[in-house]
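Where a number appears in this text, it was derived from the coordinates with a stated rule and is not lab data. Model, not experiment: these values are computed from the prediction. Please note: Cβ atoms are built from the backbone with ideal geometry, for glycine as well, and neighbour counts cover all protein chains shown.
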Amino acid sequence: MPRIGIIIGSTRPGRNGAQVARWVHERATRRRDAEFEVIDLLDHPLPHLDEPVPALLSAGRYQHAHTRAWSDVIASYDGFVIVTAEYNRAVPGVLKNAIDHLYPEWSGKAVGFVSYGSAGGVRAVEQLRLICEALQMTGVAPQVSLSLLADFENHTTLRPGDHHVTVLDEMLDQVVARSTALAPLRTPAGVTDS
């Protein structure tokens, strides 16, 4: 059974990401075709990218203990749902930094997106799709875009409409199916043919 990580992509005080991730997790755990766990970037504090060798070239051999620990977490999942805010029309810096610390641990895995912001976070997801493609991840088409103006009471309490639940279920279907289908393409982090 595939393991899917639900990444909370913001560490900002007062963030809405934790409640959005809880909503995704509560919906996901009703399924019986995958295991779902929340990955909170608050629990994985990473300094600004400090590995001397780019992750693409390091083959999973990292100098710093914090990167090795993060590698172990991400390598243990078959796919991901990234819950992201949109800050200044972009992906949160902490999320980009966490992604950039690794390379082989992301490759060959499916990814879905749940975004939120004044415009639903769609611009952050546009950027994430390009980033994930560069990491050889497979993004799924359905995405949940939550408006701070329409889907949050007082901009703080999540109140998603039924249409968001439908799209979330479609996205989870695709993430699970593609995570399963991509399994033969994945190799454990740090494993090479040599």
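Once you sort the root eigenvalues of the Cα gyration tensor of region 1-47 as a ≥ b ≥ c, which label holds: rounded (a/c under 1.5), prolate (a/b larger than b/c) or oblate (the other case)? Each step should come with its number before you reach the end.
On the way: a/c = 4.63, a/b = 1.69, b/c = 2.74.
Taking the square roots of the gyration eigenvalues as a ≥ b ≥ c, region 1-47 is oblate.
For Cα pairs less than 8 Å apart in space and 6+ apart in sequence, what is the mean separation divided by the residue count of the chain, i.e. the relative contact order in percent?
On the way: 358 pairs, mean separation 46.5, N = 194.
Once divided by the residue count of the chain, the mean separation gives 24 percent.
Restricting the count to DSSP beta bridges whose residues both fall in the chain, what percent are antiparallel, rounded to a multiple of 5? Can you show the working numbers first?
On the way: 3 of 28 bridges.
Around 10 percent antiparallel, to the nearest 5.
Name the shape class, rounded, prolate or oblate, that the alpha-carbon gyration tensor gives for region 36-93, where a ≥ b ≥ c are the square roots of its eigenvalues, rounded holds for a/c under 1.5, and otherwise prolate holds if a/b is larger than b/c and oblate otherwise.
On the way: a/c = 1.87, a/b = 1.31, b/c = 1.43.
Oblate, since a/c reaches 1.5 and b/c is not below a/b.
For ASP43 paired with VAL122, estimate the spin-label separation in nm (one decimal), with each label point 7 Å from Cα along the Cα-to-Cβ line.
Roughly 3.3 nm, to one decimal.
Can you tell me the length gained on complete extension of the stretch ARG12 to ARG27, counting 0.36 nm per residue apart and subtracting the Cα distance? It would help to have the intermediate numbers written out before the result.
On the way: separation 15, 0.36 × 15 = 5.40 nm, distance 2.41 nm.
Value of the extension gain: 3.0 nm.
Where does the chain land at 222 nm, in deg cm²/dmol rounded to the nearest 500, when only DSSP H runs of n ≥ 4 count, each adding -39500 (n - 2.57), divided by all residues?
Numbers: 6 runs with 69 residues, N = 194.
So the helix-based figure for the chain works out to -11000 deg cm²/dmol.
Return, for the Cα atoms of region 1-110, the radius of gyration and Dmax in Å, separated by a comma.
Values for region 1-110 (Cα only, Rg and Dmax): 14.1, 42 Å.
So which residue, out of GLY93, GLY161, GLY17, gets the largest mean-square fluctuation from a GNM of the chain using Cα contacts under 10 Å as springs?
GLY161
From the backbone phi of region 21-33, what are the Karplus-calculated ³J(HN,Hα) couplings (6.51 cos²θ - 1.76 cosθ + 1.60, θ = phi - 60°) in whole Hz, Gly and Pro given as x?
Rounded to whole hertz, the list is 5, 4, 4, 4, 5, 4, 5, 5, 6, 6, 7, 10, 9.
Inverting the mean 1/r over all pairs of different Cα atoms, compute the Kirkwood radius of the chain and quote it in Å.
Values: mean 1/r = 0.0597 Å⁻¹.
After inverting the mean inverse Cα-Cα distance, the result is 16.7 Å.
What FRET efficiency comes out for the pair HIS163/LEU56, r = Cβ-Cβ distance, R0 = 30 Å, nearest 0.05?
0.20
Residue by residue, what Karplus-based ³J(HN,Hα) values in Hz, rounded to whole numbers, does region 115-131 have, using 6.51, -1.76 and 1.60 with θ = phi - 60° and x for Gly and Pro?
Those phi angles translate into 10, 8, x, 4, 10, x, x, 5, 6, 5, 5, 4, 5, 4, 4, 5, 4 Hz.
Picking from ASP72, ASP40, ASP162, which is most flexible by a Gaussian network model of the chain using Cα springs under 10 Å?
Maximum fluctuation in the GNM of the chain, among the listed residues, is at ASP162.
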